[in-house]
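Quick notes on the structure that follows.
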Amino acid sequence: MQRVPEPEELMDDPAQAAAYAEADFSEANELFIRLLRQLVPQGLRGRALDLGCGPADIPIALLREYPELRIDAIDGAPAMLEQARQRLALHPGVGERLHLSCQRIPSAELPAGGYDCVMSNSLLHHLREPGDLWMNIAHCAARGATVLVMDLARPESSLALDALVETYALNASEILRRDFRNSLRAAWTVDEVKDQLAELGLRGLEVSMVSDRHWAARGHLVGAD
Ligand SMILES: C[S@@+](CC[C@H](N)C(=O)[O-])C[C@H]1O[C@@H](n2cnc3c(N)ncnc32)[C@H](O)[C@@H]1O
């Protein structure tokens, strides 16, 4: 299936951000956290960065699990960060270890080599230029940092896309069904992601399918050529 970019990079419409924040993405979020646990069996600690954090469900869950972890979470959409702030208010115990900020990728504000772990879920397909995410990761990850990027994979045909929408968004609101459809159309395939990494000379990440609709690029970043 031909790729069709997302109509908008940012999810800054308040109704869209609220619909996303209210939806149940626990299955995908739990998969993401499971993959991180496999990457760091001794447990996460130190300084982590979440790129395109949305309502911050993943960083909040990680901070609850790992008391020695701090996370900087960035998103370019003020409406989504407002959802994240509301979420955070429900988890006062983790608030002081989560720093939310409004930054658009590519961001020049991220500290070079500043993070032990860099993660991103469901962001890459939003970006006009995928290299922006990979280069930001290469810039701010410490040598050997744990990196996990997970996203939807573009289905092979529109029939396969329809089947995924019916399976996973059957009873979802119209906004969510529309967004899921747009995301699947804009998503990259495993081979395309491998090409992106090879083109930029990023080494240390393995890319593979991790569910019927997600791929993950994961590992410990050795560095860019
Ligand atoms: C599908 S949501 C994923 C949110 C979250 N990572 C999760 O797993 O629930 C994608 C998020 O990326 C943000 N985003 C899109 N393009 C961005 C960019 N260029 N810079 C920063 N954030 C961006 C959107 O505003 C949105 O909140």
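Would you work out what percent of the accessible area of segment 1-105, with all protein chains in place, is carbon or sulfur (probe 1.4 Å)? With neighbouring chains kept in place, the figure for segment 1-105 is 49 percent. Protein-only accessible surface at a 1.4 angstrom probe places the residues Tyr66, Tyr115 in the order Tyr66, Tyr115, largest first. If ligands, DNA and RNA are left out, what is the accessible area of Glu174 with a 1.4 Å probe, given in Å² to the nearest 10? Near enough 130 Å² of accessible area. Among 43-56, 93-106, sorting by the average number of other beta carbon atoms lying within 10 angstrom of each residue, highest first, gives 43-56, 93-106. When the square roots of the Cα gyration tensor eigenvalues are ordered a ≥ b ≥ c, the ratio a/c for segment 160-212 is 1.5 or more and a/b exceeds b/c, which makes its shape prolate. Working note: Cα atoms of segment 41-115, range along each principal axis, descending, whole Å: 31, 31, 19. Using the Cβ of Glu82 as centre and a radius below 14 Å, the other residues enclosed give a net charge of -2, where K and R count +1 and D and E count -1. Label segment 63-198 by shape, choosing from rounded, prolate and oblate, from the square roots a ≥ b ≥ c of the eigenvalues of the Cα gyration tensor; if a/c is under 1.5 it is rounded, and otherwise prolate applies when a/b is larger than b/c, oblate when it is not. Here segment 63-198 falls in the oblate category.
The heavy atoms of Ser122 present about 30 square angstrom of accessible area, all protein chains included, probe 1.4 Å. For the pair Ser208 and Gln103 in one chain, pulling the backbone fully straight at 0.36 nm per residue adds 34.9 nm over the alpha carbon distance.
Legend: residues His220, His91, sorted from most to least accessible area (1.4 Å probe; ligands, DNA and RNA excluded), read His220, His91. Across the chain, C-alpha contacts under 8 Å between residues 6 or more apart give a mean separation that, scaled by the residue count, equals a relative contact order of 22 percent.
Calculated FRET efficiency, Glu166 and Glu68, Cβ-Cβ r, R0 45 Å, to nearest 0.05? Intermediate values should be presented prior to the final figure.
Details: r = 43 Å, r/R0 = 0.95.
Result of the calculation: an efficiency of 0.60.
Ser107 exposes around 10 Å² of accessible area when a 1.4 Å probe is run over every protein chain in place.
The values are calculated or read from the model by the stated rules, or taken from the named source; none is laboratory data. It should be emphasised that the depicted structure is a prediction, and the values quoted were computed from it without experimental measurement. Using ideal geometry, Cβ is built from the backbone for each residue, glycine included, and neighbour counts are taken over all protein chains shown. Each accessible area value is taken on the protein alone, full model and side chains, heavy atoms only, with ligands, DNA and RNA left out. Shrake-Rupley method; radii C 1.70, N 1.55, O 1.52, S 1.80 Å.
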